[in-house]
Amino acid sequence: MSSSTSTRLTSGFLASAAITLTFAALCSAAMAQDLPAGADTAAEKDEAEKAEAEKAKKDADTSSFVFSPITVTAARNERSLFDTPANVSRITSEQLDQRMDNTVKELFRYEPGTAVSRQVSAADPFDSAGGIQVRGVGGNRTQVLVDGSRTIEGITDNTRDIVDTSNMKAVEVVRGPSSVLWGSDGLGGVVNFVTKDPSDYFRDADDMVAGAATASYSSLDNSYVESVTGAFRLSDAPNAVEALLTVTRRDTNEPELTTARNEATPGNPTCPRDPLATPCNELDEQDIASNNVLTKFVWSPSAGNQFRLTGEYYTRDTDVDQNAANETTATYVQTGYRRTQEVERWRVSLDQKWDVGAAWLDTLDWRITYSPQSIDRKGDRRRTLLPSGDIEQRIDSLKYSEDFYEADIQFGSSFAIGGVSNRLTYGFDGDYVETKYERVDITNNLTANTSTVAVAGGFNFANADTTRADVYLQDEIGLFGDRLTLIPGLRNSYYKITPHPDANYQIVPGAEPRQMEESDLQLKFGGILDLWGPYSVYAGYSEGFKMPTAQQLYQSLNSLPFFALVPNPNLKPESVKSYEVGLRGEFSRGFFSVNYFQADYTDFIQNFVSVPGSATDLTYDNLASVNVEGVEASGAWQLTPHWRTNFAASHMWGTQQATAGAAETNFNGALPLNVVLGFNYVEPAHGLDIEFVTTLQKATTRVEDPATDFAPPGYVTFDFLASWEFMPGVKLKAAGYNLLDQRYFPAETSGFPIGTDATLAVQVLNPIEQQVGFGRFVKVGLELTF
């Protein structure tokens with residue numbers, strides 16, 4: 001580890017200590033003020049503490065068993081997860097805090113059927129999270145939202161890892177197509193990050209100030225995370241004003257691959273790296289620093305009427321000493337490659353939630369958002385040219401950005417006709433996006449003092465503007481005293497993408513960039529039937545629609561005689577039809593849910609497809625079909641007032657067909673059986689919360705080509721999570737992951753190129769060993785609230 005890294009981590013630790021001491025003092029003062037008058041003697045304090053402990057014990061013994069969290073994403077309004085004809089899960093802030101999950105990569109470890117790949121290739125050495133994969137499909141086919149606002153699309157050798165999880169109220173995962181309510185991109189599902197409001201920090205209705213501070217450390221990557229929050233009630237109802245400010249800092253290095261193996265012997269197909277390069281069982285050295293600031297002002301001029309102004313800024317800077325590509329060839333010796341990545345996301349949003357209460361209109365919700373987002377990469381590569389001995393420097397720059405302008409207005413109306421209740425949700429959802437891509441490479445011969453400039457390299461594509469303008473309608477129809485609920489819905493999507501190629505864009509004759517304009521009508525229909533007692537069944541049909549991205553439509557690069565990237569003017573939108581049926585039971589002490597789904601995709605877009613009749617041209621093209629099926633289950637049971645068990649499981653299988661009439665092959669995205677079992681012990685009287693978690697992953701046996709595609713074996717891991725609130729408002733947390741230090745490969749590595757399919761460049765720059773699961777590591781943390 002470099003001295004600068006050590007200094008930075010020491011600074012992070014000192015910052016954590018300073019935050020801890022400051023808030024400990026504030027909490028002590030707050031608790032002192034909360035003591036009743038006259039409680040100055042030790043005896044009176046003991047009596048007060050005894051009464052508080054007895055009250056906590058009574059609350060624990062008489063607590064109700066609640067397993068029905070509310071979701072706002074699945075139906076665009078608040079409703080229980082059990083009243084939704086789809087498989088929806090909600091990761092709560094309490095779970096995030098207990099696990100000390102600070103990155104998107106960590107977030108979904110206990111969500112079977114949902115996965116996040118790790119990007120550690122030579123083209124993307126920044127250890128970013130890949131796309132969130134839901135029900136076998138990921139990347140841009142999963143719609144990722146923050147408070148309902150869109151996030152940047154992924155492009156080749158880049159990332160969508162642009163969200164910090166430290167200030168989240170919940171993360172909601174809607175499995176299956178969600179285009180009817182949330183528009184294009186929700187083919188596989190929707191992941192909505194819901195941020196906290198000031199009211200989430202107030203303990204009592206008369207609190208004027210509340211706050212929290214957290215600090216945590218992870219041995220996996222030497223990460224230090226510190227967060228400070230202040231919530232303020234500036235005025236009371238009926239003209240209430242509340243404010244929130246949260247600041248989060250994270251400093252970390254590359255994760256340690258303690259179970260990876262280094263097979264770096266010359267000629268070994270597993271990892272034939274040069275002795276100058278980073279070994280295959282290590283990642284290049286990284287220094288990562290991120291900051292996240294969230295501010296909110298909430299004004300409630302009357303009951304049921306709330307305006308909210310949100311400002312958010314997230315940035316993450318990553319510095320990498322990329323030595324993995326160091327090598328000696330007949331023409332050069334590469335001695336270093338210093339690379340940086342700056343991820344940045346701004347968001348300014350104004351919204352209103354209003355319970356109108358009119359005869360024809362129940363609710364009115366609207367939101368306008370401006371959110372510029374960008375990824376800026378720079379590199380400085382050094383080589384010694386042979387046989388001249390000249391020193392060559394290449395400075396590369398890649399800038400990719402999307403600026404979002406969004407408007408969303410939603411109405412809610414309810415009425416009854418002939419004893420049949422109807423609850424309408426309808427509105428307009430639109431956005432305008434400016435997409436820009438810029439690549440510049442400057443090569444300097446430092447010995448000869450010469451310089452050349454190359455533009456529009458990499459996976460270059462034309463800049464573009466995208467317009468989406470959709471209207472939607474959903475009705476929840478209650479029959480037989482609401483014992484049967486039918487939920488039909490439809491959405492008309494309008495989509496236009498207009499290219500703006502600059503002077504450096506490489507136009508291919510016959511495939512000139514042109515405007516693409518489409519409209520599509522998507523349907524959904526769901527139903528929930530209460531059978532008897534606590535049991536219910538549900539069924540759903542939904543459709544999804546996704547337009548090609550600017551890169552998929554307009555990518556163009558001439559790298560002959562090696563290859564050429566050619567636009568495909570005939571590229572078609574992707575679509576999906578999904579079917580789902582399920583059985584649920586909700587009891588006083590727990591619940592269960594089991595469902596089967598089938599998703600049939602058509603015109604599935606695949607990259608780097610060989611152009612017929614050419615040995616060098618590559619393009620994007622539509623596959624004829626992809627079919628994914630699966631079974632999902634979850635449940636929880638309160639064994640005693642202190643013991644609870646829970647489980648979740650998913651098993652998928654799938655096929656794909658390149659062209660109509662072609663042979664079907666296995667689809668690598670369909671993940672085999674994954675089961676998560678948890679046992680939780682809670683002792684509120686002593687502030688204890690302990691959980692043991694077991695993850696069981698079945699081996700992958702279905703891959704597209706067993707001779708060339710990696711099929712990860714099965715594995716079992718054990719985790720331990722604990723927290724102890726040893727005094728009011730002060731909580732210690734600890735977690736141990738992969739306690740037995742099991743060597744394994746995550747299921748999402750299925751299809752990774754190996755064998756004859758892995759070229760020498762892939763073996764060197766993107767070896768399978770760097771996809772190995774993390775070995776044993778621990779996290780510790782401290783949380784202060786007042």
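Across the range 762-786, the number of residues qualifying as in a loop (DSSP other than H, G, I, E, B) and either basic (Lys, Arg) or surrounded by fewer than 19 Cβ atoms within 10 Å (Cβ to Cβ) (or both) comes to 1. Report whether or not Glu691 is farther than 30 Å from Pro272 by Cα, more than 28 Å from the chain's Cα centre (by Cα) and acidic (Asp, Glu). Criteria not met by Glu691. Considering only residues in the range 595-609 that are among the aliphatic types (A, V, I, L, M) and within 24 Å of the chain's Cα centre (by Cα), the one that is surrounded by the fewest Cβ atoms within 10 Å (Cβ to Cβ) turns out to be Ile605. Within the range 493-516, is there a residue that is on the phi > 0 side of the Ramachandran plot and of a type outside the set (D, E, K, R)? Yes, the range 493-516 has at least one match. In the range 561-573, the residues that are at pLDDT below 85 form Cβ pairs under 8 Å with partners that are among the charged types (D, E, K, R) and part of a loop (DSSP other than H, G, I, E, B), at six or more places apart or across chains, as follows: Pro569/Glu512; Pro569/Arg514. The residue list Ser374, Ser388 contains one member that is farther than 14 Å from Arg338 by Cβ and crowded, with 17+ Cβ neighbours inside 10 Å, which is Ser374. Against the list (1) crowded, with 20+ Cβ neighbours inside 10 Å; (2) among the aliphatic types (A, V, I, L, M); (3) out of contact with any Asp or Glu (no Cβ under 9 Å at 6 or more places or on another chain), the condition Ala734 fails is (1).
Among (1) part of a loop (DSSP other than H, G, I, E, B); (2) in contact with a Pro (Cβ under 6 Å, 6 or more places away or on another chain); (3) of a type outside the set (D, E, K, R), where does Asn570 come up short? Of (1) part of a loop (DSSP other than H, G, I, E, B); (2) in contact with a Pro (Cβ under 6 Å, 6 or more places away or on another chain); (3) of a type outside the set (D, E, K, R), only one is false for Asn570: (2). In the set Asp709, Asp719, only one residue is among the acidic types (Asp, Glu), within 30 Å of Gly630 (Cα to Cα) and out of contact with any strand residue (DSSP E or B) (no Cβ under 6 Å at 6 or more places or on another chain); that residue is Asp709. Listed by position, the strands (runs of 3 or more DSSP E) inside the range 186-264 whose residues that are surrounded by 17 or more Cβ atoms within 10 Å (Cβ to Cβ) and small (Gly, Ala, Ser) number at least 3 are 209-218, 223-235. A single member of Asp362, Asp396 is surrounded by 15 or more Cβ atoms within 10 Å (Cβ to Cβ), more than 25 Å from Thr156 (Cβ to Cβ) and touching a residue at least 40 places away in the same chain (Cβ under 8 Å), and it is Asp362. Note on the range 660-683: residues that are in contact (Cβ under 8 Å) with a residue 40 or more places away in the chain and either assigned to a strand (DSSP E or B) or closer than 26 Å to Gln638 by Cβ (or both) total 7.
Could you list, in sequence order, the residues of the range 445-503 that are without any contact (Cβ under 8 Å) to a residue 40 or more places away in the chain and of a type in the set (A, V, I, L, M, F, W, C)? Within the range 445-503, Val453, Ala454, Phe480, Ala503 meet the criteria. Of the helices (runs of 4 or more DSSP H) lying entirely inside the range 24-133, those containing at least 2 residues that are at pLDDT below 50, more than 17 Å from the chain's Cα centre (by Cα) and not polar (S, T, N, Q) are 42-61.
The values are calculated or read from the model by the stated rules, or taken from the named source; none is laboratory data. Since the structure is predicted, the reported quantities are computational estimates derived from the model, not experimental observations. All Cβ positions, glycine included, derive from the backbone under ideal geometry; neighbour counts span all protein chains shown.
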